[in-house]
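Have a look at the structure below, then the notes.
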Amino acid sequence: MMAFEHIPRKDLYRILGAEPSDTLTELKQKYQKLALLYHPDKQSADVPAGEVGERVQRFIEIDQAWKILGNEETKKEYDLQRRELNIYHYFLLEDDLMQTWPVDAQICLEDMSWNKDERCYTCPCRCGGKYTVSRNEAEEVSLVCCDTCSLIIEILR
Ligand SMILES: [Zn+2]
């Protein structure tokens, strides 16, 4: 089994309790809520000493996530990286995945809709998110993860 350790576990969206489909305004609201909750100046005196450090760490993570996701340019860059990483991740783990993670559905590439502008195939996920695969990826990858949740579909050719 490929080691998961090589792949950053911490998803910036997850750190903010957000979804990749969230708008910038929604992301900002989620960030502000969490930042307020974990801000070192806002901690009550009865938080146990051991937890103070964890909360500071959490605050730093939240702040870093927002620095990237709160800026349109760095967000775009991160989204690209995240997608590549996901594809790479699932490509490598394909054999293991088939056994450990149930594939949500099998779909023929022809049944996915072709998005001319973004030059990729998409199909909706039942969570409201979508599966996206570029033309190049479609030739190599047979498992695709949803851009929002952890469901996976298998592309049949
Ligand atoms: Zn989904």
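For this structure, a couple of remarks:
- Within straight-line reach of K75, meaning a Cα separation under 20 Å, sit the following lysines at least 8 residues removed in sequence or on another chain: K10, K28, K30, K33, K67, K130.
- A crude spin-label estimate for the pair E118 and V47, with each label 7 Å from Cα along the Cβ direction, gives 3.7 nm.
- Note on L37/C108: beta-carbon distance plugged into 1/(1 + (r/R0)^6) with R0 of 41 Å gives a FRET efficiency of 0.35.
- Around I60: net Lys/Arg minus Asp/Glu count, Cβ-Cβ under 13 Å: +1
FYI, it's all coordinate maths here, none of it is from the lab. Owing to the predicted nature of the structure, the values given are computational and were not obtained by experimental measurement. All Cβ positions, glycine included, derive from the backbone under ideal geometry; neighbour counts span all protein chains shown.
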